[in-house]
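Below: the structure, in structure tokens.
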Amino acid sequence: MSAPTPPSARLAQSPAVLRDGRWWLVGEAGSVPLSDPAFATVLDGFAEALSAADRAVADLRARPDESSAPRTGGRR
């Protein structure tokens, strides 16, 4: 299950911005709504993949550091 999307979210460092459920390409000259449904589907998939990667990294960071855990047994 994916996390709720904020009303406006930029996709990484790309010009793609999701605003109220619709993709826009944003540049210095202005914004253009994305009208190609296939491209919007690709952006949706990429956004989900980035979100999953962010969650995986957060889960890894939340784990206790295994290198600082006490070791059992003696040296060999």
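What's the local net charge at A53, with K and R +1, D and E -1, over the other residues with C-beta under 13 Å away?
Net local charge, A53 excluded: -1.
Quick one: net charge of W23's neighbours, Cβ under 10 Å, K/R +1, D/E -1?
0
Determine the sum of side-chain charges near V42: Lys and Arg each +1, Asp and Glu each -1, restricted to other residues whose C-beta is under 12 angstrom from that of V42.
-3
In whole Hz, what ³J(HN,Hα) sequence does the stretch 51-63 give by Karplus (6.51, -1.76, 1.60; θ = phi - 60°), x for Gly and Pro?
5, 5, 5, 4, 5, 5, 5, 4, 5, 5, 5, 6, 6
Just so you know, all these numbers are worked out from the coordinates, no wet-lab data involved. All values derive from a computational prediction rather than experimental measurement. So basically every Cβ, Gly included, is an ideal-geometry build from the backbone, and we count neighbours across all protein chains shown.
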